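Read the structure below first, then the notes.
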Amino acid sequence: MAVPAVARPKLKTAFKKARTIAPLFTSGAVAVTSDGTRIVTCVAEDILLTNIENGQEICRFVGDTQAINSLCITPSSSHLLVFTASLSLRIYELPSSNEPLKKRVAPIRVVGRAHEAPIHVCIADPTSTYLASGSADGVVKVWHIVRGYTTHVFKGHGGVVSALTFHYPFDASAVTTAQEEKTIRLITASVDTRIRIFNLTAGASTSSGGGKAEAILEGHVSVPRGLDVSADGRWLVSGGRDSVVLVWDLLSKPSMGPAKVRKNAKNATSLTPTLVKTIPALERVEAVGILRLDDVMTTDAKSELSQLQFYTGGEKGLVKLWNGKGEDLRKFGQEHSTSSEELEEQRQITNILYIPSTSTVVSIHADQNIIFHSLQDGTLSRQLIGYNDEIVDASFLSYPTHQSSDSTPTRDSHIAFATNSSLIRVYSTQNLDACLLEGHSEIVLALDHSANSRLLVSGSKDKTARIWAPMNGETSDLGVTWGYGCVAICEGHAESVGAVTMARGGENGSKFAFTGSQDRTIKMWDLSEVSTVFNTGSDSAVRCKSLTTHKAHEKDINSLDVAPNDRFLASGSQDRTAKVFEIVYTVGAGGAARGELKLVGTCKGHKRGVWSVRFGRAERVLATGSGDKTVKLWSLDDYSCLRTFEGHTNSVLRVDFLNMGLQLISTGSDGLAKLWNVREEECVATLDNHEDKVWALAISANESTIITGAADSVVTFWEDCTEEDQAEKETKRTESALKDQDFLNYLSLRDYKRAIQLALAMSQPGRLLSLFKEIASSEEDDDSPSLTGNASVDEIIRTLSGPELAKLLRFIRDWNTNAKTSVVAQKVLLAIMKLRTADDVIKAFGDENLEKMFADGEEEDLASPSAPSTGRTALKELVDALIPYSERHLARMERLVQESYVVDYILGEMDDGMFDNYAMGDDDDNVMDVDH
């Protein structure tokens, strides 16, 4: 019976960078647009605008290389206002489109020294007209955003200004009077624990050097960190680090009678705030805000107070909702019961942003995580991870698509990362939504997945390994709609667990797993009792049983891998060897599992430690990556080295197979990923997008996507573009063949204009040189003067467009460097100098730059004579390259002329002037007269 031929897979030759997960937020201020679709964050000294829906970076803003102290977005989402450590105020217009921009957005206005001290808080008023900023020297300024000048300056604060908010009633259901509705006020708080209210409508401006506070509120005993006013302008809520929240009634009637009520210059009644409620928050409050309710409030004060709802956030990392009576309504997030002070500080909330249009509160945490909570259903709607630190491992996961534990998972729907942290990051590959897996107490070092990519195993410095499973599809008590939970713990190693792997067989879960440790042993774990679904109501995890412990190496174990048939285990170690073990796994009559490892071979040959081992998918081979900068391929029959791949300039950290074992992908400490052809033993592609060691490598099930993660905290998604690349090359080859034929047709028809234009368009200086040589050799015999040898070609040079002329001059520059082609170059250059003016040549390079900028979608200020679009710099470089070679050719011609006279003289002396008449000519008219 004939065996059907198996089609050989096509080799992959090209991968393109599809997208990246780069640092989004490292520290500083955060702002969200009013529609909740875009977020502004700080990464070191850079300011980023990001699309929240897909996690794609829209643009970056031109900074002044200084740290960002504070920023805010106007409620209209039209302007971004930034204060930097240089004390400058920079005002930007936000792009209206979500399409990524190549160029940085420049500020429309810069105020050089906005304050005399660092500015830590700023806020825009509800009308997007004014900006208030508070500095560390206790000065508050109010700015007109569009015009960029200061409208008010308020002094007298007893230290750093810690919070700001505007009092400007704009709600239709407001209970304030008509006169008060026209009044805009600014409420400030500082480290002297006092809250001050300033009247901007009738208050002092900059001309009087500052104004007095309309009211000073005393109630806090520590610095207030949050202020907010209700939409109707009646209630003020303040929260501080004294762990209390104060509710103030701004419109209470004065207790001293109408004669004692202070009025301002325009007879507008001043506010008379009264403290109506003190609410113990039981934590240091870092942010507070009032929720906008759709219900119409009644005029009864007690009824209004009960309808008032606000949120707080602080040191415990929770967002809490309260009503005016001080009742705790709801909590968002997870309260971390950890004894580590450092972890507690990292997870505390530093700020909370409220988005009324989407009923969402956004909490910003000290560990650079940004979490979006939905107020309608209490779920965690989005989580952005700001900074991943060093990425040390990655693994694809498949999460169930429907709200059922039995549903078929979407292949490679998520990817997990182990970073320089005890928390595992899991991202959705669709929109980069993320979640954090908490369980390990120390840094996670290694990850791997089960055969169906449903389960995740992790190894950590805490000497344990954990098995993670997807949630059962029900929303947890914490409002999480998706995620992973720990279903099993493997304890028993004496040192850090640096390598993990799971069985490759079985679609419903793995039968066993292996862990490798710094204690130089490999442990085999029984996973038969491990659930494939994490139940949100259960916190208990199974304690896995160790089936065997094998002393495998003399030094740390760096990598483990199980063969596709689950019969062999490979290990790589710092002792410069890779070992292959036979896996013996049996299940007894009572259901008890037994396991054993038997050494069957050792691969020796590397000169440094082995960082990665991988079994071939289709053939009996093993690939290893080592610190000696090489990748080696080993035979599993006699454990001899079959091939050695050299090309990395530093240690090879990860290696894996592609295309049924026909290709290899490797990553190294040189920041590169290399794609190898196994048979030819050559590198066919190099993927470069990292600046540090590439520790993580993951390949999707269909092998169309490769993910690399490095110590520079950048994750890169590489998409297979082999077919596109080949199709593009074929298209270019076809177009080139057609153009070649057209060129030959034009030459045969003596249509020099189209031939020259086509050669310039195809950037083929060789063909253009041959054309000019042919024209010069077949010079016309007519009486019409010609510089190039053909009058029509002269006319073509005179009428060439700017970019074509610039390209021709560059070809002439290259021809002029060679003595063989310099004659043609000088002839064409002479024609250009005679037929075109200097202004034409300068403009030609300017037109070329404009054409390039138009193709790149860039715009430049052309008013400046030094702008690159003028082309003067490019022309100067061209002339500087032409002059030396032209002078050399001229000197060579002069030497030839002189040498020709010497030859004439020698010949004349040799024949006694016999050849003089032949040299001078027989005609008397041609005899040269010599003066005696």
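The values are calculated or read from the model by the stated rules, or taken from the named source; none is laboratory data. What you see is a predicted model; the values in this text were computed from it and never measured. Note that we place each Cβ from the backbone using ideal geometry, even for glycine, and neighbour counts take in every protein chain shown.
Values for this structure:
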{"quantity": "Count - residues of the stretch 674-688 that are of a type in the set (D, E) and either crowded, with 21+ Cβ neighbours inside 10 Å or in contact with a helix residue (DSSP H, G or I) (Cβ under 7 Å, 6 or more places away or on another chain) (or both)", "calculated": "0"}
{"quantity": "Residue within the stretch 144-152 that is closer than 18 Å to A189 by Cα and touching a Ser or Thr at 6+ places or on another chain (Cβ under 7 Å) present", "calculated": "yes"}
{"quantity": "Number of the exception - F396 against (1) in contact with a Leu (Cβ under 9 Å, 6 or more places away or on another chain); (2) surrounded by fewer than 22 Cβ atoms within 10 Å (Cβ to Cβ); (3) modelled with pLDDT of 90 or more", "calculated": "(1)"}
{"quantity": "Members of the stretch 325-362 found to be part of a loop (DSSP other than H, G, I, E, B), surrounded by 16 or more Cβ atoms within 10 Å (Cβ to Cβ) and at pLDDT below 85, listed by number", "calculated": "G333, Q334"}
{"quantity": "Residue list for the stretch 513-547, restricted to those being of a type in the set (S, T, N, Q) and touching a Lys or Arg at 6+ places or on another chain (Cβ under 7 Å)", "calculated": "T515, T521, S528, T532, S546"}
{"quantity": "Where a residue in the stretch 791-803 is in contact (Cβ under 8 Å) with a residue 40 or more places away in the chain and its partner, wherever it lies, is not in a helix (DSSP H, G or I), with Cβ under 7 Å and at least six apart", "calculated": "D794/S786; D794/L787; D794/T788"}
{"quantity": "Conditions (1) outside any strand (DSSP E or B); (2) crowded, with 20+ Cβ neighbours inside 10 Å; (3) at pLDDT 90 or above: number failed by V426", "calculated": "(1)"}
{"quantity": "Scan of the stretch 450-468 for residues that are crowded, with 23+ Cβ neighbours inside 10 Å and not in a loop (DSSP other than H, G, I, E, B), ordered by number", "calculated": "L456, V457, S458, G459, S460, A465, R466, I467, W468"}
{"quantity": "Number of the exception - D412 against (1) surrounded by 20 or more Cβ atoms within 10 Å (Cβ to Cβ); (2) acidic (D, E); (3) within 22 Å of R520 (Cβ to Cβ)", "calculated": "(3)"}
{"quantity": "Identity of the residue in the stretch 211-229, surrounded by fewer than 17 Cβ atoms within 10 Å (Cβ to Cβ) and in a loop (DSSP other than H, G, I, E, B), that ends up modelled with the lowest pLDDT", "calculated": "K212"}
{"quantity": "Selection from the stretch 806-841 of residues that are hydrophobic (A, V, I, L, M, F, W, C), in a helix (DSSP H, G or I) and either surrounded by fewer than 19 Cβ atoms within 10 Å (Cβ to Cβ) or touching a Lys or Arg at 6+ places or on another chain (Cβ under 7 Å) (or both)", "calculated": "V823, V824, L830, M833, L835, A838"}
{"quantity": "The stretch 265-320, residues that are touching a helix residue (DSSP H, G or I) at 6+ places or on another chain (Cβ under 9 Å) and modelled with pLDDT of 70 or more", "calculated": "L271, V276, K277, L291, R292, E315, K316, G317"}
{"quantity": "Residue list for the stretch 77-125, filter: among the polar types (S, T, N, Q) and over 17 Å from V62 (Cβ atoms)", "calculated": "S77, S78, S96, S97, N98"}
{"quantity": "Single unsatisfied condition, S70 versus (1) surrounded by 15 or more Cβ atoms within 10 Å (Cβ to Cβ); (2) under 21 Å from I145 (Cβ atoms); (3) at pLDDT below 90", "calculated": "(3)"}
{"quantity": "Long-range neighbours under 8 Å by Cβ, at least six apart or interchain, first residue more than 21 Å from S421 (Cβ to Cβ) within the stretch 369-398, second modelled with pLDDT under 85 and basic (K, R)", "calculated": "S398/R411"}
{"quantity": "Residue in the stretch 658-670 that is closer than 30 Å to S546 by Cβ, in a strand (DSSP E or B) and of a type in the set (S, T, Y) present", "calculated": "no"}
{"quantity": "Among the residues listed as G625, G671, the single one being buried (at least 19 other Cβ atoms within 10 Å of the Cβ) and within 26 Å of the chain's Cα centre (by Cα)", "calculated": "G671"}
{"quantity": "Filter result for the condition that a residue is over 30 Å from N431 (Cα atoms), in the same structural domain as K212 (by TED's automatic domain parsing) and touching a strand residue (DSSP E or B) at 6+ places or on another chain (Cβ under 9 Å), over V105, V82, V142", "calculated": "V142"}
{"quantity": "Answer from V82, V121, V40, V110 - the residue that is farther than 25 Å from G386 by Cβ and assigned to a strand (DSSP E or B)", "calculated": "V110"}
{"quantity": "Residue pairs meeting the criteria (Cβ under 6 Å; at least 6 apart or on separate chains; first among the β-branched types (V, I, T), in the stretch 50-79; second in a strand (DSSP E or B) and surrounded by 20 or more Cβ atoms within 10 Å (Cβ to Cβ))", "calculated": "T50/I39; I52/I39; I58/L49; I68/C42; I68/T84; I73/A31; I73/L80; T74/A124"}
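Matching residues to (1) within 41 Å of the chain's Cα centre (by Cα); (2) at pLDDT 85 or above; (3) surrounded by fewer than 17 Cβ atoms within 10 Å (Cβ to Cβ); (4) not assigned by TED's automatic domain parsing to the domain that holds V121:
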residue	(1), (2), (3), (4)
G138	yes, yes, no, no
V146	yes, yes, yes, no
V153	yes, yes, no, no
A163	yes, yes, no, no
A172	no, no, yes, no
